[in-house]
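Asks: What follows is a single structure, and I will ask about it in a moment.
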Amino acid sequence: MKKILIPVLLLLLTLPVYSFALDVNDKAPDFGGAALDGKQVAYSTLKGKTPVYLIFWATW
């Protein structure tokens with residue numbers, strides 16, 4: 001019973017992730033983050049003004 005229950009629970013936990021997926025050719029929602037100086041920056045304020053490079057990193 002436990003061998004079946006764990007995979008089913010994991011599947012049910014991952015289903016909500018797919019509800020937030022965008023379709024092909026959909027515009028990405030506006031997003032933002034903190035700049036190096038600590039100020040909050042929204043992507044919409046930078047769009048069309050300068051190249052934007054996003055670097056995602058984490059310490060595991």
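The values are calculated or read from the model by the stated rules, or taken from the named source; none is laboratory data. It should be emphasised that the depicted structure is a prediction, and the values quoted were computed from it without experimental measurement. Please note: Cβ atoms are built from the backbone with ideal geometry, for glycine as well, and neighbour counts cover all protein chains shown.
Asks: Of the residues Tyr43, Tyr53, which is aromatic (Phe, Trp, Tyr), surrounded by 10 or more Cβ atoms within 10 Å (Cβ to Cβ) and free of Cβ contacts under 8 Å to residues at least 60 places away in the same chain?
Replies: Going through Tyr43, Tyr53 in turn, the sole match is Tyr43.
Asks: Within segment 32-40, can one find any residue that is out of contact with any Asp or Glu (no Cβ under 9 Å at 6 or more places or on another chain), assigned to a helix (DSSP H, G or I) and either surrounded by 10 or more Cβ atoms within 10 Å (Cβ to Cβ) or in contact (Cβ under 8 Å) with a residue 40 or more places away in the chain (or both)? First the steps, then the outcome.
Replies: As a first pass, look at segment 32-40 and keep what is out of contact with any Asp or Glu (no Cβ under 9 Å at 6 or more places or on another chain): 32-40.
Applying the additional criterion that residues be assigned to a helix (DSSP H, G or I) yields none.
No; the residues of segment 32-40 include none that is out of contact with any Asp or Glu (no Cβ under 9 Å at 6 or more places or on another chain), assigned to a helix (DSSP H, G or I) and either surrounded by 10 or more Cβ atoms within 10 Å (Cβ to Cβ) or in contact (Cβ under 8 Å) with a residue 40 or more places away in the chain (or both).
Conditions tested, residue by residue: (1) at pLDDT below 85; (2) charged (D, E, K, R); (3) in a loop (DSSP other than H, G, I, E, B).
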residue	(1), (2), (3)
Leu13	yes, no, no
Val17	yes, no, no
Asp26	no, yes, yes
Pro29	yes, no, yes
Pro51	no, no, yes
Ile55	yes, no, yes
